[in-house]
1. Out of all the residues in segment 200-229, which are more than 13 Å from ligand 1 (Cβ to nearest atom) and farther than 13 Å from G183 by Cα?
2. Step by step: first the residues of segment 75-118, then only those that are farther than 30 Å from D149 by Cα and in a strand (DSSP E or B), then the one that is farthest from ligand 1 (Cβ to nearest atom). Which residue is that?
3. Looking at segment 131-145, I want the residues that are over 19 Å from A93 (Cα atoms) and have a partner that is part of a helix (DSSP H, G or I) and within 16 Å of ligand 1 (Cβ to nearest atom) with Cβ atoms under 8 Å, at least 6 apart or on another chain. Which pairs are those?
4. Quick one: in segment 216-242, which of the residues that are among the charged types (D, E, K, R) and over 16 Å from the mean Cα position of the chain (by Cα) is nearest to ligand 2 (Cβ to nearest atom)?
5. Could you run through segment 150-172 and say how many residues are away from ligand 2 (no atom under 16 Å from the Cβ) and under 21 Å from L114 (Cβ atoms)?
6. Select from segment 1-47 the residues that are within 16 Å of ligand 2 (Cβ to nearest atom) and among the aliphatic types (A, V, I, L, M) and write down the one among them that is surrounded by the fewest Cβ atoms within 10 Å (Cβ to Cβ).
7. Among (1) part of a helix (DSSP H, G or I); (2) at pLDDT below 95; (3) within 22 Å of the chain's Cα centre (by Cα), where does S370 come up short?
8. Quick check on E50: is it surrounded by fewer than 19 Cβ atoms within 10 Å (Cβ to Cβ), on the phi < 0 side of the Ramachandran plot, under 24 Å from the mean Cα position of the chain (by Cα) and acidic (D, E)?
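The values are calculated or read from the model by the stated rules, or taken from the named source; none is laboratory data. The structure presented is a predicted model; accordingly, all values stated were derived computationally and were not measured. Here the Cβ positions follow ideal geometry from the backbone for every residue, glycine too, while neighbour counts run over all protein chains shown.
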Amino acid sequence: MSTRTVAVLGSTGSIGTQALEVVSAHPGRFRVVALSAGSNTALVARQAVEHQVPLVALATGSVEDVRAAVAAAAAQVGRPDHHPEVVVGDDAATVAAACGADVVLNGVTGSIGLEPTLAALGAGSVLALANKESLIIGGPLVKAAARPDQVVPVDSEHSAIAQSLRGGRAFEVRRLVVTASGGPFRGRSRAELADVTPEQALAHPNFAMGRVITTNSATLVNKGLEVIEAHLLFDVPFDRIDVVVHPQQQIHSMVEFHDGSTIAQLGPPRMLVPIALGLSWPDRLEDVDVPCDWSLAQSWEFHPLDDDAFPAVRLARQVGEAGGTFPAVYNAANEVCVDAFHDGDIRFTDIVDTIERVVADHDGSEHDASSVDGVLAADRWARRRAAETLGLASSASTQEAS
Ligand code: NDP
Ligand code: MG
């Protein structure tokens with residue numbers, strides 16, 4: 001494999017920092033040509049110096065502050081001054097995404113990832129996609145913009161499915177089986193979920209991830225988003241995408257073929273392999289992570305999902321089937337509810353209840369799902385409606401402005 005140029009969007013987050021670890025661990029395989037983050041200037045500056053990155057993009061702050069942070073980071077490690085191009089502002093991630101890198105890893109959180117996703121595809125880069133939200137809200141747009149094999153999933157379940165699909169042909173696939181940890185509240189009834197706290201929701205049993213996805217893992221909204229993601233990535237209808245709860249998260253997902261054979265992908269519950277495959281697909285890098293240890297006695301469990309306690313997946317199937325702007329509404333309402341939950345304004349069970357109400361209120365014919373403006377208008381509508389439903393009027397106007 002020759003050296004690939006890589007742009008890392010969301011470089012300061014959980015996915016982004018692990019992507020840079022993979023890059024560092026494989027000298028000569030990758031050259032980082034752009035970094036993008038939200039507001040963590042100090043960390044992105046250190047990363048820029050370490051990887052000698054020529055383009056640094058931040059959503060907030062000022063160009064001068066970023067330059068000063070890069071100079072300080074260079075001085076701190078005794079490196080000569082480094083002078084990257086610096087872009088600051090709402091569109092900064094999109095500028096970085098459009099830089100023409102061989103691979104753009106989108107590790108931004110939330111629906112703000114849509115325009116960077118489209119920019120990367122438009123520039124002809126391979127899109128290593130962790131930001132599932134952009135695919136879910138912009139499904140038809142993203143699919144129309146992507147040539148075959150241009151999107152490589154980084155989400156571990158979808159990476160597992162992509163790897164398992166190498167075991168057969170598309171017409172031989174009968175079902176996809178997406179595994180779910182069940183989150184920190186697995187086994188609880190709906191009544192037992194009413195009083196759980198944000199701290200408890202952030203205590204994911206296996207993974208250390210950003211706040212939104214960790215909360216989504218507790219509500220199972222993440223699994224709902226992943227079912228829609230699987231449908232869009234692999235063109236399998238919703239009634240042939242199953243979810244099974246597998247608390248140990250050693251099996252990352254499976255593909256059942258029409259002869260009755262099931263191929264699964266296994267590994268420790270970490271993101272390094274899916275991230276590395278996102279950067280190097282279809283090649284595998286060496287020694288990215290340790291394999292399962294078969295010298296240890298261990299038991300792996302599987303349980304059906306409790307749709308009554310965790311209705312998020314059932315609701316996601318409905319919005320996925322409805323298509324259009326419904327998935328965008330599901331996602332945007334969730335993003336508002338996650339913030340409100342962490343701000344102490346609502347209860348845990350209010351999150352999915354509110355998404356359900358906002359989805360029920362949505363008139364799918366109002367916005368055009370085949371244009372970016374239409375999708376983003378539906379996203380804004382859902383944020384406003386979620387905030388109104390929750391009685392958070394001020395948050396509605398903040399979100400509307402953003
Ligand atoms: P984090 O919250 O850890 O990181 C989010 C990143 O996005 C940070 O680098 C943040 O920068 C950056 N960011 C925020 N706003 C902007 C903006 N306007 N422009 C550019 N960058 C911005 O999230 P995760 O890494 O956990 O998740 C990232 C994505 O990957 C999500 O879509 C998630 O669903 C998906 N994913 C994550 C997994 C995981 O293990 N973490 C597993 C599978 C999927 P700053 O630090 O400056 O705020
Ligand atoms: Mg996942």
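1. Answer for segment 200-229, where residues must be more than 13 Å from ligand 1 (Cβ to nearest atom) and farther than 13 Å from G183 by Cα: just V227.
2. Among residues in segment 75-118 that are farther than 30 Å from D149 by Cα and in a strand (DSSP E or B), the one farthest from ligand 1 (Cβ to nearest atom) is E85.
3. Correct list of pairs: G139/I228; G139/L232; G139/P327; K143/L232.
4. Ranking the candidates gives D242 first.
5. Result for segment 150-172: 1.
6. So, considering only residues that are within 16 Å of ligand 2 (Cβ to nearest atom) and among the aliphatic types (A, V, I, L, M), the one surrounded by the fewest Cβ atoms within 10 Å (Cβ to Cβ) is I15.
7. For S370, the exception is condition (1).
8. Against the criterion (surrounded by fewer than 19 Cβ atoms within 10 Å (Cβ to Cβ), on the phi < 0 side of the Ramachandran plot, under 24 Å from the mean Cα position of the chain (by Cα) and acidic (D, E)), E50 does not qualify.
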